[in-house]
Amino acid sequence: MKPPLPFTGAACTYSSPTVQAAPQLTITNETGEGMSGSTTDSAPEDEHSGSPETVEPSAQAAEEKVAAVRRVSEAGRRWRAAQLAGCAALLAVALTGGSIAFGALRDGGTTTVASTSAALSPGLMAGGDLDTSITALQSHLRSQPRDFGSWATLGLAYVEQARTKGDPSRYPQAQQALRKSLELKADNEQGLAGLAALAAARHDFKGALKYADKTLEQNPYNQRALSSRIDALVELGRYDEASKAADLADERRPGIPVFTRYAYVHELRGDVRTARTVLERALSTATTPGDIAYVASALAQLAWNQGDYDTALTDYARALAADDAYLPALEGRARAQAASGDRAAAIKGMEAVVARYPLPGPLVGLGELYEDRGADGDEAKAKDQYALVDAWTALARANGANADLDTALAAADHGDKASALRAARAEWARRHTVHTADALAWALHVNGRDKEALPYARQATATGYRNASFLYHRGIIELAAGDRKEGRSHLGSALKLNPGFSPLGAREARKALKEASK
């Protein structure tokens, strides 16, 4: 049921533009029916690609993954630049091993899979354990290998595992399962919607849009496809079209996936009040732990972006009360703690996140917290985190995921500046968003090309999106380009909006503003 919103239009999507598409917290038939698709065929299972036999769970492999990541995180001074290749290999082995262990690690109940086939136990599938649900799907597909709907659901579940575990090596398994679904029944909406979700997860947003549109040709009310279409348009920088797509989605399939996206479309335009109102209404309708954690985290992130750390911490607490292992809430809480001055708690929290999920955002965040603390050994610890970003990027690319935005942002501040510029240019060639404009502007700046950077910095802030990092980047670039008045103005705006937006960036902004004011 559509909540009473204080505006006209109304489709609501919220997906974090720099980290991930908005999660689909339940994997289910978008028509609201069981995704059975089963046939009475009992052909014996062979060795074809996509066989569930290739993805058996392994508890030992999962334990090895966790142990390997922890070894990497605790390596400390033993790491140096010359050992980066070994670092990458270690991370790749850890994550690839984990990709086989689909049934062994729990995601803390953040994701549920609704009953997808009459052959599966509804109680088991609704139990909140994604890994157990995948094991059940694998077992079902051994006896019913021609159940195209269950193949599609399995593929979507693998996409969720790649997202929640930060493991891009799982995307090939997802693609196998989805392709198998479409081989069994061409252009079935579950399989097409799954390919849209997979493409978005790999940051292939043109592909995501293509498959979402194909899905909607089969079923105009497919909620997953409606949501994926908004995500794709947002991430391609086609904001007016994304707003219209959100309105259409709200008209056809109102609900939390649509409401949160609508909120994000408004936030991108600087309409924070509407974004918060929509998210609060969405939270009031949330009933499952996954939905509560997701929407509460979105509210917290919105508050943090505005420098309201007390509200952010309160909302993150609401998210973690629903799901104490929800990664975005754990990471966001650590950032809010750092901004509030509780560095010790922030480092402890971010270390816990990185130990489980060595993703670029938390790795850079932890490295900057170490640098900001500046204790004995912290410089080496920070370098270790930045080295792991390179390892993750290599693994992501090896598994078909586009990681250029992650590379550009991390390398510009903590790596190879020439590589940062190449990655930023490549990403800008694919899509023109406020985030890619900001990344390209900053990459040009660190390479000493401020006159060229300035138009992109202006484009990053042109929609009204209230982001302190963007304002900081623009202010620094303006100062470097000789525009002291505008530079001081934007640095001041960044610090007024969110004075703790980055442990290192905020410090540099204050220093640059002080020097420019002399």
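Numbers at a glance
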quantity	calculated
Any hit, segment 467-476, residues being open to solvent by 20 Å² or more (accessible area, probe 1.4 Å), touching a residue at least 24 places away in the same chain (Cβ under 8 Å) and over 21 Å from residue 307 (Cβ atoms)	no
Single residue of segment 337-358 satisfying the filter (open to solvent by less than 30 Å² (accessible area, probe 1.4 Å) and touching a residue at least 60 places away in the same chain (Cβ under 8 Å)) that is nearest to residue 130 (Cα to Cα)	357
When residues of segment 372-384 are limited to those that are closer than 19 Å to residue 406 by Cβ and either among the charged types (D, E, K, R) or touching a residue at least 60 places away in the same chain (Cβ under 8 Å) (or both), the one least open to solvent (accessible area, probe 1.4 Å)	384
Selection from segment 319-330 of residues that are under 12 Å from residue 291 (Cβ atoms) and either acidic (Asp, Glu) or open to solvent by 30 Å² or more (accessible area, probe 1.4 Å) (or both)	322, 323
Of residues in segment 480-507 being assigned to a helix (DSSP H, G or I) and aliphatic (A, V, I, L, M), the one most open to solvent (accessible area, probe 1.4 Å)	480
Among (1) more than 30 Å from residue 198 (Cβ to Cβ); (2) hydrophobic (A, V, I, L, M, F, W, C); (3) in contact with a Gly (Cβ under 6 Å, 6 or more places away or on another chain) - the single one residue 345 does not satisfy	(3)
Tally, over segment 278-312, of residues that are without any contact (Cβ under 8 Å) to a residue 40 or more places away in the chain, assigned to a loop (DSSP other than H, G, I, E, B) and not hydroxyl-bearing (Ser, Thr, Tyr)	2
Breaking point among (1) within 14 Å of residue 400 (Cβ to Cβ); (2) crowded, with 24+ Cβ neighbours inside 10 Å; (3) at pLDDT 95 or above; (4) not acidic (Asp, Glu), for residue 158	(3)
Matching residues in segment 412-427 - criterion: being more than 19 Å from the chain's Cα centre (by Cα) and of a type in the set (Gly, Ala, Ser)	412, 415, 418, 419, 420, 426
Every residue from segment 243-270 that is touching a helix residue (DSSP H, G or I) at 6+ places or on another chain (Cβ under 6 Å) and not in a helix (DSSP H, G or I)	253
For residue 434: the one exception among (1) under 18 Å from the mean Cα position of the chain (by Cα); (2) among the hydrophobic types (A, V, I, L, M, F, W, C); (3) surrounded by fewer than 24 Cβ atoms within 10 Å (Cβ to Cβ); (4) under 28 Å from residue 169 (Cα atoms)	(4)
Extreme residue, least open to solvent (accessible area, probe 1.4 Å), among residues of segment 276-292 that are at pLDDT 95 or above and under 19 Å from the mean Cα position of the chain (by Cα)	279
Some residue of segment 232-242 being open to solvent by 20 Å² or more (accessible area, probe 1.4 Å) and at pLDDT below 95	no
Residue selected from segment 172-203 under the condition buried (at least 21 other Cβ atoms within 10 Å of the Cβ) and of a type in the set (Lys, Arg), by the criterion nearest to the chain's Cα centre (by Cα)	202
Qualifying residue in segment 376-385 (condition: over 21 Å from the mean Cα position of the chain (by Cα) and among the basic types (Lys, Arg))	yes
Residue match in segment 217-224 (condition: polar (S, T, N, Q), open to solvent by 20 Å² or more (accessible area, probe 1.4 Å), part of a helix (DSSP H, G or I) and out of contact with any Phe, Trp or Tyr (no Cβ under 7 Å at 6 or more places or on another chain))	yes
Qualifying position, being of a type in the set (Asp, Glu), under 24 Å from residue 508 (Cα atoms), within 20 Å of the chain's Cα centre (by Cα) and part of a helix (DSSP H, G or I), among 390, 406	406
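The values are calculated or read from the model by the stated rules, or taken from the named source; none is laboratory data. Please read these numbers as outputs of a predicted model, since none were measured by experiment. Every residue, glycine as well, gets a Cβ built from its backbone with ideal geometry; the counts of neighbours run over all protein chains shown. Just so you know, the surface numbers come from the protein's heavy atoms only, side chains and all, with ligands and any DNA or RNA stripped out. Shrake-Rupley method; radii C 1.70, N 1.55, O 1.52, S 1.80 Å.
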